[in-house]
Amino acid sequence: MDIFYGLDILGTIAFATSGTLAAIHKKLDPFGVFIIAFVTAIGGGTLRDILIDRNPVSWMQDLNYVYAIIGATIFTILIRKKIDYLSTSLFLFDTIGLGIFTIIGTEIGIQQNLHPVISIILGTITATFGGVIRDILCNEIPIIFKKEIYASACIAGAITLIILSNLEIDTNTNYIITTLIVISIRLIAVKFKLRLPTFIIEKK
Amino acid sequence: MDIFYGLDILGTIAFATSGTLAAIHKKLDPFGVFIIAFVTAIGGGTLRDILIDRNPVSWMQDLNYVYAIIGATIFTILIRKKIDYLSTSLFLFDTIGLGIFTIIGTEIGIQQNLHPVISIILGTITATFGGVIRDILCNEIPIIFKKEIYASACIAGAITLIILSNLEIDTNTNYIITTLIVISIRLIAVKFKLRLPTFIIEKK
Amino acid sequence: MDIFYGLDILGTIAFATSGTLAAIHKKLDPFGVFIIAFVTAIGGGTLRDILIDRNPVSWMQDLNYVYAIIGATIFTILIRKKIDYLSTSLFLFDTIGLGIFTIIGTEIGIQQNLHPVISIILGTITATFGGVIRDILCNEIPIIFKKEIYASACIAGAITLIILSNLEIDTNTNYIITTLIVISIRLIAVKFKLRLPTFIIEKK
C-alpha cells in the first residue's frame, strides 16, 4: 500500500507538471493552467475509477491529490524560466507519469480480479487518458497518436507487471522494474526516433 | 438474449472495422489503429453503461468483445488493399453499427424501466457516441454533425422499436425490422443526398 | 428543495439556449442543434453525477429536464431572427447558466459531505463542462480557456456560497447573492476586458 500510494502521488505530480508546462506554452491564464494541470493529472485515474465503479473517484476522497496538483502547478510556474527546454521537460514528466500510472492502473485491475487482458487495457487507459484530454483541450493532436512509441510502452509495462506478479517477485521490485521498462522504452524510442510502421493503403 | 448478444457482438465488429478503416486512413501505427478501433466499438456502450450505472461496463465482464475487436481490426488490416473504396466501406460498416447499436441501447433502456423518451436518447447515445469519439480523436468533424441524416435515423429506429414492442411483435422480427429501418434511412439519405434543412439567421 | 429545483431547471434552460444559439450559428440541422443544446445543458451535471456516483443521472430520472431542453431549443429556434446580436445573447445565457450551475454543483458537494475544496471543484465542473463539450463539438476553442474571466468567476461564487452557508445566511438569499456574484464578475470582466495575466516564458 505504502509504495503504491507514494507512486500514485508521484505520478499525479509528474502529470500535473506536464499539464502546467503545456498550458503555460499555450499562454493560458493561471486558472486555465491549473485546470489543464488538474485534468491531465486526474483524467486517466478518474476514467479508470468510473469504468470499474470505484466511487467516489480517488481524488475526491483524499485531498492529498489536490494539494499535490496545486503544489506542482505553483512550483512549475515559479521555476518556469529555469526550464530552458520546455518540450524536453514536458516530455520527461509525461514519460514518468506514463510509467507510474501504467502500474497503478494495471495493479488495480488485478486487485479487482479483472482478466489480465482487461487489466492491461485499464493500465493503458489510466496512463494515457490524462494526456489525451490535455492535448484535446490544448488543441494539439493527442500525443498517443504521434509517431513515437507511446501506448506500446504502456502495454509492454503492463504485461511485465503481470508476468512478474505471477513469478511472485517482490512487489516493490516489480513496480520499480516495470516503471523503468515503460520509461526506457519511451526514452529509447524517442532518442533513436523509433516508430512502429504504418500501413500502406492503395488509393483508388 | 441470444439474438441480442449476437447483435451486440456484430455491432461491435462493425464499429471496430469502421474505426480501423478511419485510423489506417489517418496513417496511425498499429497500436493507434487498435486504440481507435477499440474506442469506436465500445465508446457508445460504455457511456450508456456509465449513465445507467451498469457496472463494470460490459466489455470488462466479457472478453468476447475484446476478442471481436482484435479480430475485426487484424482482419481489416490484412484485407485493406482489397478494399478499394475506403470511404464507402467505412460508411457501410458505420451504418450497420449504427442500426444495431440503436436497438441495443434502446432495448436496455426499456429493460431498465426508463421512460421511452429516455430510452430513445439512450439508443441514440449508444449508436452515435463511439463514432463521435473516433472523429474527435481523428481530428475530423464528428459525422453526427455532417449534412447526411444520421442521428435522425437512430431516433426513427428507436421509435419503431418501441412501437413494435408495444404491439407485441416477436422480438427477433422487431430487431430485424428496426435495424433495416435505420440502415435504409441512412442509405437512402446518402444516396439521394437528402439532408434536413438548416436555419437561416439574420446577421446584424 | 423548491428554489434549488427551480434554479436547476432555469440553468438547464439557459445552457440549452446558449447551445442552440451556438449550433444555429454553426448551421447544423435541427437534430444537430438539439444534440448540442442537450449536451450543453446536461453535460456538466452529468459529469458531476457520474463523479459522485449519483445514478442514474438526474435527467434520466426526471423528464422535466428533457422537456425544458426541448422547449428552450424550439423557442430559441423560433425567435432566432429577433435576436440581432447573436454573440451577446449566447454570452448572456451562458453566463446565467454559469452562475446557477455553480450553486447547484457546489451545494450538491456540500450535501454529500465532500470537503469544501472538492465542493468548489465540483461546482466549477458542473458550471463549465457543458460549455466545454459544446465548444469542442462545435470546433471552437473552449470558452473556459479564452481570455475573459470564466472559471475564476465560478470559483469565487463557490467560495461565497460556502462562506455564506457557514454564516448561516438564509439559503434562498445565499443562492441569489452567489448567482449575482458569478454573473457580475463575468459581466464586469467582459465589459472592461479584464483578464488574468498570463505567464511569460523565455524561449530558448
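The values are calculated or read from the model by the stated rules, or taken from the named source; none is laboratory data. Bear in mind the structure is a predicted one, so any value in this text is a computation, not a measurement. Neighbour counts are summed over all protein chains in view; Cβ atoms, including those assigned to glycine, are modelled from backbone coordinates with ideal geometry.
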Kindly list the number of the only condition in (1) among the hydrophobic types (A, V, I, L, M, F, W, C); (2) in contact (Cβ under 8 Å) with a residue 24 or more places away in the chain; (3) more than 10 Å from every other protein chain (Cβ to nearest Cβ) that fails for B:Ile79. (2)
For the stretch C:133-151, enumerate the residues that are more than 8 Å from chain A (Cβ to nearest Cβ) and among the hydrophobic types (A, V, I, L, M, F, W, C). C:Ile133, C:Leu137, C:Cys138, C:Ile143, C:Ile149
Condition (residue is within 12 Å of chain A (Cβ to nearest Cβ), in contact (Cβ under 8 Å) with a residue 40 or more places away in the chain and either touching a helix residue (DSSP H, G or I) at 6+ places or on another chain (Cβ under 9 Å) or part of a strand (DSSP E or B) (or both)) applied to the stretch C:180-191: is it met by at least one residue? yes
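Residue by residue, here is whether (1) touching a residue at least 24 places away in the same chain (Cβ under 8 Å); (2) surrounded by fewer than 24 Cβ atoms within 10 Å (Cβ to Cβ) holds:
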{"position": "A:Gly6", "(1), (2)": "no, yes"}
{"position": "A:His25", "(1), (2)": "yes, yes"}
{"position": "A:Thr88", "(1), (2)": "no, yes"}
{"position": "A:Ile103", "(1), (2)": "yes, no"}
Quick count over the stretch A:139-166, residues being crowded, with 20+ Cβ neighbours inside 10 Å and of a type in the set (S, T, N, Q), is 2
In the stretch B:41-91, anything of a type in the set (Lys, Arg) and either assigned to a helix (DSSP H, G or I) or modelled with pLDDT of 90 or more (or both) is listed as B:Arg48, B:Arg80, B:Lys81, B:Lys82
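In contact with a Pro (Cβ under 6 Å, 6 or more places away or on another chain) and either surrounded by fewer than 18 Cβ atoms within 10 Å (Cβ to Cβ) or away from chain A (no Cβ under 14 Å) (or both) - does that describe any residue in the stretch C:119-132?
no
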Of the residues in the stretch B:36-59, those that are in contact (Cβ under 8 Å) with a residue 60 or more places away in the chain and out of contact with any Pro (no Cβ under 7 Å at 6 or more places or on another chain) come to B:Ile36, B:Val39, B:Thr40, B:Ala41, B:Ile42, B:Gly43, B:Gly44, B:Gly45, B:Leu47, B:Arg48
Among residues of the stretch A:152-179, those that are in contact with a helix residue (DSSP H, G or I) (Cβ under 6 Å, 6 or more places away or on another chain) and more than 14 Å from chain B (Cβ to nearest Cβ), counted: 9
Residues that are within 14 Å of chain A (Cβ to nearest Cβ), part of a helix (DSSP H, G or I) and more than 26 Å from B:Asn166 (Cβ to Cβ): does the stretch B:92-107 have at least one? no
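Within the group C:Thr12, C:Thr73, which residue is out of contact with any Ser or Thr (no Cβ under 8 Å at 6 or more places or on another chain), touching a residue at least 12 places away in the same chain (Cβ under 8 Å), away from chain A (no Cβ under 14 Å) and under 28 Å from B:Ile110 (Cα atoms)? Walk me through it before giving the result.
Details: C:Thr73 fails: out of contact with any Ser or Thr (no Cβ under 8 Å at 6 or more places or on another chain).
None of the others qualify; the one that does is C:Thr12.
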Tell me, please, whether a residue that is hydrophobic (A, V, I, L, M, F, W, C), in contact with an Asp or Glu (Cβ under 8 Å, 6 or more places away or on another chain) and farther than 24 Å from A:Ser184 by Cα can be found in the stretch A:92-107. no
Please tell me if C:Ile169 is free of Cβ contacts under 8 Å to residues at least 60 places away in the same chain, within 30 Å of B:Phe129 (Cβ to Cβ) and surrounded by fewer than 24 Cβ atoms within 10 Å (Cβ to Cβ). no
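Within the stretch B:53-76, which residues are among the β-branched types (Val, Ile, Thr) and surrounded by 18 or more Cβ atoms within 10 Å (Cβ to Cβ)? Quick ask: steps written out before the conclusion?
Within the stretch B:53-76, the first condition is being among the β-branched types (Val, Ile, Thr), and the residues that meet it are B:57, B:66, B:69-70, B:73-74, B:76.
Scanning the stretch B:53-76 gives B:Val57, B:Val66, B:Ile69, B:Thr73, B:Thr76.
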Any idea how many residues of the stretch A:27-37 are more than 8 Å from every other protein chain (Cβ to nearest Cβ) and surrounded by fewer than 24 Cβ atoms within 10 Å (Cβ to Cβ)? 1
With A:Val57, A:Val66 as the choices, which residue is over 15 Å from C:Phe199 (Cα atoms), within 8 Å of chain C (Cβ to nearest Cβ) and either touching a Ser or Thr at 6+ places or on another chain (Cβ under 7 Å) or of a type in the set (D, E, K, R) (or both)? A:Val57
Those residues of the stretch A:3-26 which are in contact with a Cys (Cβ under 6 Å, 6 or more places away or on another chain) and assigned to a helix (DSSP H, G or I), in sequence order: A:Ala22
Could you go through the stretch A:123-144 and let me know if any residue there is at pLDDT 90 or above and farther than 30 Å from C:Ile141 by Cβ. yes
Say we look at the stretch A:172-204 and pick out the residues that are under 20 Å from A:Asp8 (Cβ atoms) and polar (S, T, N, Q); which of these is surrounded by the fewest Cβ atoms within 10 Å (Cβ to Cβ)? A:Thr173
Candidate set from the stretch A:38-52 (those that are aliphatic (A, V, I, L, M) and within 17 Å of A:Ile136 (Cα to Cα)); member that is farthest from the other protein chains (Cβ to nearest Cβ): A:Ala41
Answer yes or no: is there a residue in the stretch A:119-138 that is in a loop (DSSP other than H, G, I, E, B), over 18 Å from B:Phe38 (Cα atoms) and touching a residue at least 40 places away in the same chain (Cβ under 8 Å). yes
